[in-house]
Amino acid sequence: MSTEKQIHANRENSQRSTGPVTDAGKAAVSLNRTTHGLNYNPDTFRVLACEDQSQYDALLKALMEEQNPQDTTETLLVTSMAQHRWLLDRANRLQESCFDQETAKISDQKLFSLYLRYATTHERAFHKCLNDLLKLRNHKINQQNGFESEKRKADRHQSFLKNEVSHQRLQTVKAYMAEYNAGRQIEADEIAKLAKQAA
């Protein structure tokens, strides 16, 4: 068969092959290239059949209770922490499988190095998520404190303005009273002068 005919036949075949249609079929196909399950993707993270889902759930619950996320971003960070911790434990277990049980020597150096690299990657990722969570919380606290500080400044300024207005009113009243008293004094002096003239 010529190359051109092969290409044409392959194209026709590809039109008939639609892949899995059901959710179960799609889920099964998604596992086709799973060799160790150490690659991280939050959308496809799962507990393997050989692992205990209840242990992962307990880990996630403990981290949620400990960190007490307050919004969606914090919840995502805590969830990522649980997933990276789970993958770190998986990598550590896989490392143990690279040792010969009798001699305690590494039986497959290449696999051991791969698992060690993944363990390091997930340990760092766990701590990065934790640090991001703490930075986010500090940022929120600083923003809140900044807002409160600005509010205190505004309150002080408002108080100063009120005091200034009160001071100005007091000065006006004092000036009016001084003027009034001066006017009364003039009247009193005039009366005294008239009384003296009349006597």
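Each value in this text was obtained by applying a stated rule to the coordinates, not by laboratory testing. Since this is a predicted model, take the numbers as computed values, not measurements. Every residue, glycine among them, receives a Cβ derived from its backbone with ideal geometry; neighbour counts consider all protein chains shown.
Things worth noting here:
- Averaging the sequence gap over all C-alpha pairs within less than 8 Å and six or more residues apart, then dividing by the number of residues, gives segment 48-198 a relative contact order of 18 percent.
- The residues packed around GLN158, meaning those with a beta-carbon under 14 Å from its beta-carbon, carry a net charge of +2 if Lys and Arg are +1 and Asp and Glu are -1.
- Converting phi to 3J(HN,Hα) with the Karplus coefficients 6.51, -1.76 and 1.60 and the offset θ = phi - 60°, segment 126-140 yields 4, 5, 5, 4, 4, 5, 4, 5, 5, 5, 4, 5, 4, 4, 4 Hz in sequence order, with x at every glycine or proline.
- Coordinate range along principal axes, alpha carbons of segment 48-198, Å, largest first: 138, 28, 20
- PHE99 long-range amide H proximity, modeled H, under 5 Å: SER107
- Charge tally around THR121: other residues with Cβ under 14 Å, Lys/Arg +1 each, Asp/Glu -1 each, net +3.
- Restricting segment 82-141 to GluC sites (Glu not before Pro) that sit in a DSSP loop and have at most 13 other Cβ atoms within 10 Å of their own Cβ leaves GLU102.
- A simple spin-label model places the labels of ASP189 and ARG152 5.5 nm from each other, with each point 7 Å out along Cα-to-Cβ.
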